[in-house]
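*Asks:* One structure is given below, represented as C-alpha coordinates, and several questions about it will come after.
The values are calculated or read from the model by the stated rules, or taken from the named source; none is laboratory data. It should be emphasised that the depicted structure is a prediction, and the values quoted were computed from it without experimental measurement. When we count neighbours, we look across all protein chains shown, and the Cβ atoms used for this are built from the backbone with ideal geometry, even at glycine. For the accessible areas, the whole protein counts, side chains as well, though only heavy atoms, and no ligand, DNA or RNA atoms are used. Shrake-Rupley method; radii C 1.70, N 1.55, O 1.52, S 1.80 Å.
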Amino acid sequence: MPRLEHIGIAVREAKATAALYERLFGVAPYKVETVAREGVRTHFIDAGTAKLELLEALGKDSPVAKFLDRRGEGLHHLAFEVDDVEATMARLREAGFHPLSDAPRPGADGKRIFFLHPKETHGVLVEFCGSAALPLDTATVPFGDGSFPAHTCGAPDAPALVVLFRASGASLRLLDPLLRRFEPRFRVVALDLAARSPADPSPAPLRAALDHLGVARAHLFAHAEDVPAVLRFARDHPERAARLALHAPDASALSDDDLRRISAPALLAAADTGAPLDAVLRLRRLLPRTALAVLPDDALDAFAPVLVRWFMAA
Ligand code: CO
(Lines give C-alpha, C1' and ligand atoms only; values in the text may rest on other atoms or scores of the structure.)
Protein backbone atom coordinates (compact mmCIF):
# COMPACT_ATOMS: atom_id res chain seq x y z
CA MET A 1 0.00 0.00 0.00
CA PRO A 2 1.45 3.39 -0.93
CA ARG A 3 1.97 5.76 1.98
CA LEU A 4 -0.72 8.32 2.85
CA GLU A 5 1.30 11.43 2.02
CA HIS A 6 -1.19 14.14 2.86
CA ILE A 7 -4.84 14.94 3.48
CA GLY A 8 -6.22 17.86 1.46
CA ILE A 9 -8.75 20.02 3.30
CA ALA A 10 -10.69 22.76 1.51
CA VAL A 11 -11.02 25.89 3.65
CA ARG A 12 -12.36 29.40 3.10
CA GLU A 13 -9.56 31.06 5.03
CA ALA A 14 -6.38 29.08 5.49
CA LYS A 15 -4.97 31.54 8.03
CA ALA A 16 -7.94 31.09 10.36
CA THR A 17 -7.84 27.32 9.91
CA ALA A 18 -4.10 27.22 10.56
CA ALA A 19 -4.68 29.24 13.74
CA LEU A 20 -7.26 26.65 14.79
CA TYR A 21 -4.82 23.77 14.27
CA GLU A 22 -2.24 25.69 16.24
CA ARG A 23 -4.72 26.04 19.13
CA LEU A 24 -5.65 22.35 18.91
CA PHE A 25 -2.22 20.80 18.45
CA GLY A 26 0.39 23.52 18.97
CA VAL A 27 1.70 23.12 15.42
CA ALA A 28 1.97 25.96 12.90
CA PRO A 29 2.21 25.42 9.12
CA TYR A 30 5.80 24.84 8.01
CA LYS A 31 5.22 26.11 4.52
CA VAL A 32 2.81 28.25 2.50
CA GLU A 33 2.90 27.74 -1.25
CA THR A 34 0.85 29.13 -4.12
CA VAL A 35 0.17 26.79 -7.05
CA ALA A 36 -1.17 29.29 -9.57
CA ARG A 37 -2.08 26.79 -12.28
CA GLU A 38 -4.27 24.88 -9.81
CA GLY A 39 -5.78 28.13 -8.47
CA VAL A 40 -4.87 27.34 -4.88
CA ARG A 41 -2.76 28.56 -2.02
CA THR A 42 -1.66 25.70 0.23
CA HIS A 43 -0.65 25.74 3.89
CA PHE A 44 1.21 22.58 4.95
CA ILE A 45 1.03 21.26 8.49
CA ASP A 46 3.27 18.43 9.60
CA ALA A 47 0.92 15.93 11.22
CA GLY A 48 3.54 13.24 11.85
CA THR A 49 2.66 10.22 9.72
CA ALA A 50 1.12 12.42 7.01
CA LYS A 51 0.77 16.11 6.22
CA LEU A 52 -2.34 18.27 6.18
CA GLU A 53 -2.68 20.40 3.06
CA LEU A 54 -5.04 23.32 3.69
CA LEU A 55 -6.41 24.44 0.31
CA GLU A 56 -7.59 27.99 -0.18
CA ALA A 57 -9.05 29.16 -3.51
CA LEU A 58 -7.16 31.93 -5.31
CA GLY A 59 -10.22 33.02 -7.35
CA LYS A 60 -13.84 32.22 -8.18
CA ASP A 61 -12.81 29.86 -11.02
CA SER A 62 -10.53 27.77 -8.85
CA PRO A 63 -11.66 24.15 -8.53
CA VAL A 64 -11.42 24.64 -4.77
CA ALA A 65 -13.83 27.62 -4.95
CA LYS A 66 -16.31 25.42 -6.83
CA PHE A 67 -15.86 22.64 -4.28
CA LEU A 68 -16.51 25.11 -1.42
CA ASP A 69 -19.68 26.41 -3.13
CA ARG A 70 -21.02 22.89 -3.63
CA ARG A 71 -19.94 21.13 -0.47
CA GLY A 72 -18.60 23.73 1.96
CA GLU A 73 -15.40 23.35 3.95
CA GLY A 74 -13.99 19.93 4.71
CA LEU A 75 -12.15 16.87 3.40
CA HIS A 76 -11.12 17.50 -0.20
CA HIS A 77 -8.78 14.65 -1.14
CA LEU A 78 -6.45 11.92 0.10
CA ALA A 79 -2.99 11.85 -1.46
CA PHE A 80 -0.90 8.69 -1.73
CA GLU A 81 2.80 8.70 -2.50
CA VAL A 82 4.03 6.28 -5.15
CA ASP A 83 7.56 5.57 -6.40
CA ASP A 84 6.76 6.03 -10.06
CA VAL A 85 3.85 8.36 -10.72
CA GLU A 86 3.90 7.79 -14.52
CA ALA A 87 3.85 4.00 -14.17
CA THR A 88 1.01 4.26 -11.64
CA MET A 89 -1.00 6.41 -14.03
CA ALA A 90 -0.45 3.94 -16.88
CA ARG A 91 -1.39 0.99 -14.68
CA LEU A 92 -4.64 2.66 -13.55
CA ARG A 93 -5.57 3.63 -17.12
CA GLU A 94 -5.01 0.03 -18.10
CA ALA A 95 -7.32 -1.00 -15.27
CA GLY A 96 -10.09 1.23 -16.67
CA PHE A 97 -9.74 4.36 -14.52
CA HIS A 98 -9.87 7.87 -16.00
CA PRO A 99 -7.24 10.16 -14.43
CA LEU A 100 -8.28 13.82 -14.43
CA SER A 101 -5.20 14.92 -16.40
CA ASP A 102 -3.41 13.47 -19.42
CA ALA A 103 -0.09 13.35 -17.59
CA PRO A 104 1.14 13.98 -14.03
CA ARG A 105 1.33 17.73 -13.29
CA PRO A 106 3.53 19.75 -10.96
CA GLY A 107 1.79 20.07 -7.58
CA ALA A 108 2.74 21.76 -4.31
CA ASP A 109 5.69 20.68 -2.17
CA GLY A 110 7.84 19.55 -5.11
CA LYS A 111 5.44 16.78 -6.14
CA ARG A 112 4.17 15.54 -9.48
CA ILE A 113 0.54 14.60 -9.13
CA PHE A 114 -2.64 13.33 -10.74
CA PHE A 115 -6.16 12.72 -9.47
CA LEU A 116 -8.92 10.14 -9.84
CA HIS A 117 -12.48 11.49 -9.81
CA PRO A 118 -14.57 10.62 -6.72
CA LYS A 119 -17.15 8.95 -8.97
CA GLU A 120 -14.58 6.22 -9.66
CA THR A 121 -13.38 5.97 -6.07
CA HIS A 122 -16.51 5.73 -3.91
CA GLY A 123 -16.80 9.42 -3.20
CA VAL A 124 -13.24 10.41 -2.26
CA LEU A 125 -11.03 12.42 -4.61
CA VAL A 126 -7.77 10.44 -4.70
CA GLU A 127 -4.43 12.05 -5.51
CA PHE A 128 -1.34 10.09 -6.50
CA CYS A 129 1.91 11.93 -5.99
CA GLY A 130 5.56 11.26 -6.67
CA SER A 131 8.53 13.33 -5.68
CA ALA A 132 10.62 15.16 -8.22
CA ALA A 133 14.22 14.98 -7.01
CA LEU A 134 14.90 17.74 -4.48
CA PRO A 135 17.04 20.43 -6.13
CA LEU A 136 20.41 20.60 -4.38
CA ASP A 137 23.28 23.06 -4.73
CA THR A 138 26.64 21.34 -4.77
CA ALA A 139 29.77 23.03 -3.46
CA THR A 140 33.27 21.58 -3.69
CA VAL A 141 35.09 21.53 -0.36
CA PRO A 142 38.90 21.63 -0.69
CA PHE A 143 40.43 19.11 1.69
CA GLY A 144 44.02 17.94 1.98
CA ASP A 145 45.31 17.42 -1.53
CA GLY A 146 41.84 16.80 -2.93
CA SER A 147 38.24 17.81 -2.41
CA PHE A 148 34.77 16.42 -1.72
CA PRO A 149 31.24 17.61 -2.53
CA ALA A 150 28.81 19.27 -0.09
CA HIS A 151 25.15 19.29 -1.17
CA THR A 152 22.94 22.02 0.27
CA CYS A 153 19.28 23.04 0.24
CA GLY A 154 16.98 25.22 2.32
CA ALA A 155 17.14 28.89 3.35
CA PRO A 156 20.72 30.15 3.90
CA ASP A 157 19.67 31.98 7.09
CA ALA A 158 17.90 28.96 8.66
CA PRO A 159 19.68 26.94 11.38
CA ALA A 160 22.25 24.64 9.79
CA LEU A 161 21.71 20.89 9.86
CA VAL A 162 24.46 18.61 8.57
CA VAL A 163 23.48 15.15 7.37
CA LEU A 164 26.33 12.71 6.96
CA PHE A 165 25.46 10.02 4.50
CA ARG A 166 27.03 7.13 2.61
CA ALA A 167 27.73 5.16 5.74
CA SER A 168 26.33 1.69 5.05
CA GLY A 169 25.77 2.65 1.43
CA ALA A 170 23.09 5.31 1.92
CA SER A 171 22.66 7.55 -1.09
CA LEU A 172 21.28 11.03 -1.65
CA ARG A 173 18.32 9.42 -3.40
CA LEU A 174 17.58 7.31 -0.31
CA LEU A 175 17.86 10.40 1.89
CA ASP A 176 15.54 12.42 -0.32
CA PRO A 177 12.38 11.97 1.83
CA LEU A 178 14.33 13.04 4.89
CA LEU A 179 15.95 16.07 3.24
CA ARG A 180 12.49 17.07 2.03
CA ARG A 181 11.23 17.18 5.62
CA PHE A 182 14.28 19.17 6.77
CA GLU A 183 14.45 21.60 3.86
CA PRO A 184 11.58 23.97 4.88
CA ARG A 185 13.10 24.52 8.34
CA PHE A 186 16.86 24.19 8.05
CA ARG A 187 19.80 25.00 5.86
CA VAL A 188 20.58 21.38 5.08
CA VAL A 189 24.13 20.30 4.27
CA ALA A 190 24.49 16.71 3.06
CA LEU A 191 28.06 15.41 3.24
CA ASP A 192 29.52 12.21 1.93
CA LEU A 193 32.50 11.84 4.26
CA ALA A 194 32.85 8.14 3.54
CA ALA A 195 33.95 8.94 0.01
CA ARG A 196 36.67 11.11 1.46
CA SER A 197 37.84 8.89 4.29
CA PRO A 198 36.17 5.49 4.45
CA ALA A 199 37.93 4.27 7.57
CA ASP A 200 38.94 7.60 9.08
CA PRO A 201 36.62 8.81 11.84
CA SER A 202 38.45 12.14 11.95
CA PRO A 203 36.34 15.26 12.39
CA ALA A 204 38.62 17.22 10.04
CA PRO A 205 36.57 16.86 6.81
CA LEU A 206 33.40 17.89 8.66
CA ARG A 207 35.16 20.94 10.05
CA ALA A 208 36.54 21.78 6.60
CA ALA A 209 33.04 21.61 5.08
CA LEU A 210 31.52 23.89 7.73
CA ASP A 211 34.39 26.36 7.36
CA HIS A 212 34.07 26.33 3.59
CA LEU A 213 30.31 26.97 3.76
CA GLY A 214 30.67 29.61 6.48
CA VAL A 215 28.61 27.64 9.01
CA ALA A 216 29.61 28.53 12.58
CA ARG A 217 27.31 26.11 14.39
CA ALA A 218 25.21 23.21 13.19
CA HIS A 219 22.98 20.34 14.16
CA LEU A 220 24.58 17.06 13.17
CA PHE A 221 22.93 13.85 12.03
CA ALA A 222 24.94 10.73 11.34
CA HIS A 223 24.44 7.02 10.85
CA ALA A 224 26.53 4.01 11.94
CA GLU A 225 30.22 4.42 11.07
CA ASP A 226 29.83 8.16 10.38
CA VAL A 227 29.01 8.65 14.08
CA PRO A 228 32.60 8.77 15.45
CA ALA A 229 33.47 11.77 13.25
CA VAL A 230 30.44 13.64 14.65
CA LEU A 231 31.23 12.69 18.26
CA ARG A 232 34.85 13.79 17.87
CA PHE A 233 33.73 17.05 16.28
CA ALA A 234 31.33 17.67 19.20
CA ARG A 235 34.10 16.83 21.69
CA ASP A 236 36.69 19.13 20.05
CA HIS A 237 34.33 22.00 19.11
CA PRO A 238 31.51 22.18 21.67
CA GLU A 239 30.63 25.70 20.51
CA ARG A 240 30.02 24.51 16.94
CA ALA A 241 27.89 21.41 17.62
CA ALA A 242 24.25 22.29 18.43
CA ARG A 243 22.19 19.10 18.70
CA LEU A 244 23.22 15.62 17.59
CA ALA A 245 21.14 12.77 16.24
CA LEU A 246 22.94 9.44 15.98
CA HIS A 247 21.28 6.55 14.19
CA ALA A 248 22.48 2.98 14.81
CA PRO A 249 25.65 4.53 16.26
CA ASP A 250 28.98 2.74 16.17
CA ALA A 251 31.06 4.54 18.80
CA SER A 252 33.47 1.77 19.75
CA ALA A 253 36.36 3.95 18.53
CA LEU A 254 35.72 6.45 21.34
CA SER A 255 36.72 5.89 24.94
CA ASP A 256 34.37 6.43 27.87
CA ASP A 257 36.31 9.58 28.78
CA ASP A 258 35.96 10.94 25.22
CA LEU A 259 32.21 10.48 25.42
CA ARG A 260 31.89 12.10 28.86
CA ARG A 261 33.47 15.28 27.48
CA ILE A 262 30.68 15.81 24.90
CA SER A 263 28.16 18.40 26.02
CA ALA A 264 25.81 18.62 23.01
CA PRO A 265 22.40 16.99 23.52
CA ALA A 266 22.16 13.76 21.53
CA LEU A 267 19.20 11.83 20.21
CA LEU A 268 20.17 8.15 20.11
CA ALA A 269 18.15 6.19 17.61
CA ALA A 270 18.05 2.55 16.69
CA ALA A 271 15.76 0.19 14.87
CA ASP A 272 14.40 -2.57 17.06
CA THR A 273 15.60 -5.15 14.56
CA GLY A 274 19.24 -5.87 13.89
CA ALA A 275 20.86 -2.72 15.26
CA PRO A 276 23.20 -3.12 18.22
CA LEU A 277 21.29 -1.66 21.16
CA ASP A 278 24.34 -2.20 23.38
CA ALA A 279 26.14 0.64 21.60
CA VAL A 280 23.13 2.91 22.06
CA LEU A 281 22.88 2.10 25.75
CA ARG A 282 26.59 2.77 26.28
CA LEU A 283 26.17 6.24 24.76
CA ARG A 284 23.06 6.72 26.85
CA ARG A 285 25.11 6.03 29.97
CA LEU A 286 28.09 8.22 29.10
CA LEU A 287 26.78 11.23 27.20
CA PRO A 288 25.44 13.87 29.59
CA ARG A 289 22.22 14.78 27.74
CA THR A 290 20.46 12.19 25.65
CA ALA A 291 17.05 11.17 24.38
CA LEU A 292 16.27 7.71 23.08
CA ALA A 293 14.23 6.69 20.03
CA VAL A 294 13.69 3.03 19.25
CA LEU A 295 12.01 2.70 15.87
CA PRO A 296 9.88 -0.17 14.65
CA ASP A 297 12.10 -0.66 11.58
CA ASP A 298 14.50 1.24 9.34
CA ALA A 299 11.77 3.33 7.71
CA LEU A 300 12.81 6.95 7.26
CA ASP A 301 9.12 7.84 7.15
CA ALA A 302 8.70 7.03 10.82
CA PHE A 303 12.01 8.60 11.78
CA ALA A 304 11.67 11.92 9.92
CA PRO A 305 9.10 13.57 12.24
CA VAL A 306 11.07 12.43 15.32
CA LEU A 307 14.22 14.05 13.94
CA VAL A 308 12.46 17.26 12.98
CA ARG A 309 10.99 17.59 16.48
CA TRP A 310 14.38 16.89 18.06
CA PHE A 311 16.25 19.52 16.04
CA MET A 312 13.40 22.05 16.30
CA ALA A 313 13.52 21.80 20.10
CA ALA A 314 16.83 23.67 20.13
CO1 CO B 1 -2.83 17.37 -2.52
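*Asks:* May I ask you to list the residues in the stretch 77-133 that are among the hydrophobic types (A, V, I, L, M, F, W, C), within 20 Å of the chain's Cα centre (by Cα) and open to solvent by 70 Å² or more (accessible area, probe 1.4 Å)?
*Replies:* Result: Ala133, single match.
*Asks:* For His98, all conditions in the list (1) at pLDDT 95 or above; (2) within 12 Å of the ligand (Cβ to nearest atom); (3) farther than 14 Å from Ala10 by Cα hold save one; what is the number of the exception?
*Replies:* Unmet for His98, out of (1) at pLDDT 95 or above; (2) within 12 Å of the ligand (Cβ to nearest atom); (3) farther than 14 Å from Ala10 by Cα: (2).
*Asks:* Moving on. Applying the selection to the stretch 58-67, what residues are in contact (Cβ under 8 Å) with a residue 40 or more places away in the chain and open to solvent by 10 Å² or more (accessible area, probe 1.4 Å)? If you could, list the steps in order and put the result at the bottom.
*Replies:* Step one: of the stretch 58-67, the residues in contact (Cβ under 8 Å) with a residue 40 or more places away in the chain are 64, 67.
If the condition is that a residue be in contact (Cβ under 8 Å) with a residue 40 or more places away in the chain and open to solvent by 10 Å² or more (accessible area, probe 1.4 Å), then Phe67 is the only one that fits.
*Asks:* Hey, any hits in the stretch 186-199 for a residue that's more than 16 Å from the ligand (Cβ to nearest atom), touching a residue at least 60 places away in the same chain (Cβ under 8 Å) and closer than 25 Å to Lys31 by Cα?
*Replies:* As a first pass, look at the stretch 186-199 and keep what is more than 16 Å from the ligand (Cβ to nearest atom): 186-199.
From what is left, the residues that are touching a residue at least 60 places away in the same chain (Cβ under 8 Å) are 186.
Filter again for closer than 25 Å to Lys31 by Cα, leaving 186.
Scanning the stretch 186-199 turns up at least one residue that is more than 16 Å from the ligand (Cβ to nearest atom), touching a residue at least 60 places away in the same chain (Cβ under 8 Å) and closer than 25 Å to Lys31 by Cα.
*Asks:* Still on this structure: Filter the stretch 58-97 down to residues that are among the polar types (S, T, N, Q) and part of a loop (DSSP other than H, G, I, E, B), then give me how many there are.
*Replies:* 1
*Asks:* Sort out which residues of the stretch 134-143 are over 19 Å from the mean Cα position of the chain (by Cα), under 24 Å from Arg173 (Cβ atoms) and open to solvent by 50 Å² or more (accessible area, probe 1.4 Å), and write them in order of number.
*Replies:* Passing the criteria: only Thr140.
*Asks:* Out of the residues in the stretch 46-55 meeting the condition of being in contact with a helix residue (DSSP H, G or I) (Cβ under 7 Å, 6 or more places away or on another chain) and away from the ligand (no atom under 13 Å from the Cβ), tell me which one is farthest from Leu4 (Cα to Cα).
*Replies:* Among them, the one singled out is Asp46.
*Asks:* Still on this structure: Could you check how many residues of the stretch 3-25 are farther than 19 Å from Ala79 by Cβ and either in contact with a strand residue (DSSP E or B) (Cβ under 7 Å, 6 or more places away or on another chain) or open to solvent by 60 Å² or more (accessible area, probe 1.4 Å) (or both)? Walk me through it before giving the result.
*Replies:* Applying the first criterion (farther than 19 Å from Ala79 by Cβ) to the stretch 3-25 yields 12-13, 15-16, 19-20, 22-25.
So of that shortlist, the ones also either in contact with a strand residue (DSSP E or B) (Cβ under 7 Å, 6 or more places away or on another chain) or open to solvent by 60 Å² or more (accessible area, probe 1.4 Å) (or both) come out as 12-13, 15, 20, 22-25.
Adding up the residues that qualify gives 8.
*Asks:* Look at the stretch 26-57 and say how many of its residues are within 27 Å of Val306 (Cα to Cα), free of Cβ contacts under 8 Å to residues at least 60 places away in the same chain and surrounded by fewer than 14 Cβ atoms within 10 Å (Cβ to Cβ). Give the derivation first.
*Replies:* Let us first name the residues in the stretch 26-57 that are within 27 Å of Val306 (Cα to Cα), namely 26-33, 42-55.
If we keep only those that are free of Cβ contacts under 8 Å to residues at least 60 places away in the same chain too, we end up with 26-29, 32, 43, 45, 47, 50-55.
Still in the list and also surrounded by fewer than 14 Cβ atoms within 10 Å (Cβ to Cβ): 26, 28.
Count: 2.
*Asks:* So Ala253 ticks every box in (1) of a type in the set (A, V, I, L, M, F, W, C); (2) open to solvent by less than 10 Å² (accessible area, probe 1.4 Å); (3) assigned to a loop (DSSP other than H, G, I, E, B) but one. Which box is left unticked?
*Replies:* (2)
*Asks:* When you go through (1) within 28 Å of the chain's Cα centre (by Cα); (2) within 16 Å of the ligand (Cβ to nearest atom) one by one for Ser62, which number turns out not to apply?
*Replies:* (1)
*Asks:* Kindly evaluate Arg105 against the criterion of being modelled with pLDDT under 95, of a type outside the set (A, V, I, L, M) and more than 16 Å from the ligand (Cβ to nearest atom).
*Replies:* no
*Asks:* Restrict the check to the stretch 10-17 and report whether at least one residue is in contact (Cβ under 8 Å) with a residue 60 or more places away in the chain, more than 13 Å from the ligand (Cβ to nearest atom) and of a type in the set (Ser, Thr, Tyr).
*Replies:* So the first thing to find is which residues in the stretch 10-17 are in contact (Cβ under 8 Å) with a residue 60 or more places away in the chain, and the list is 10-12.
Checking which are more than 13 Å from the ligand (Cβ to nearest atom) leaves us with 11-12.
Those still in the list that are of a type in the set (Ser, Thr, Tyr) too: none.
No, the conditions are met nowhere in the stretch 10-17.
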